[in-house]
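To start, the structure itself, in structure tokens.
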């Protein structure tokens, strides 16, 4: 019988606690405390044993791309070809499209350079500066206009 007067959902008559009832109540409290202590000890022990230092990560070595020997290309050859190839990135200072119109400070400078040389301007977007230098040395571009 519970001491709060309820058993199986029905109200029962409260009894005066006898010595045996006090012992049963005290024993059940001790058992419940031991269960809680036992469970919490195992949970804490599991957490402590489960927390191990992470193994060291293997050092990731990035292979540097080989930069080819520079190709010699003179201004006269660019004028004979009839176009200048500019390698640039897509940013707010280099080159971007606004409402379908190409814009950007470096784009405007390249347009003036192409007009001064009397050649057409061909743009190639290269997001990485290392790739731009590789393309320049391989002869795939004439000038780099990249935001440094």
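The values are calculated or read from the model by the stated rules, or taken from the named source; none is laboratory data. Please read all numbers here as calculations on a predicted model, not as lab measurements. Note that we place each Cβ from the backbone using ideal geometry, even for glycine, and neighbour counts take in every protein chain shown.
Structure data summary
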item: Whichever residue in segment 118-140 is closer than 14 Å to residue 73 by Cα and part of a loop (DSSP other than H, G, I, E, B) and, among such residues, is modelled with the highest pLDDT; result: 140
item: Qualifying residue in segment 141-148 (condition: at pLDDT 90 or above, assigned to a helix (DSSP H, G or I) and in contact with a strand residue (DSSP E or B) (Cβ under 8 Å, 6 or more places away or on another chain)); result: no
item: Subset of segment 117-144 [in contact with a helix residue (DSSP H, G or I) (Cβ under 9 Å, 6 or more places away or on another chain) and at positive phi]; result: 118
item: Any chance residue 83 is outside the structural domain of residue 138 (by TED's automatic domain parsing), under 17 Å from residue 144 (Cα atoms) and either in contact with a helix residue (DSSP H, G or I) (Cβ under 9 Å, 6 or more places away or on another chain) or at pLDDT 75 or above (or both); result: no
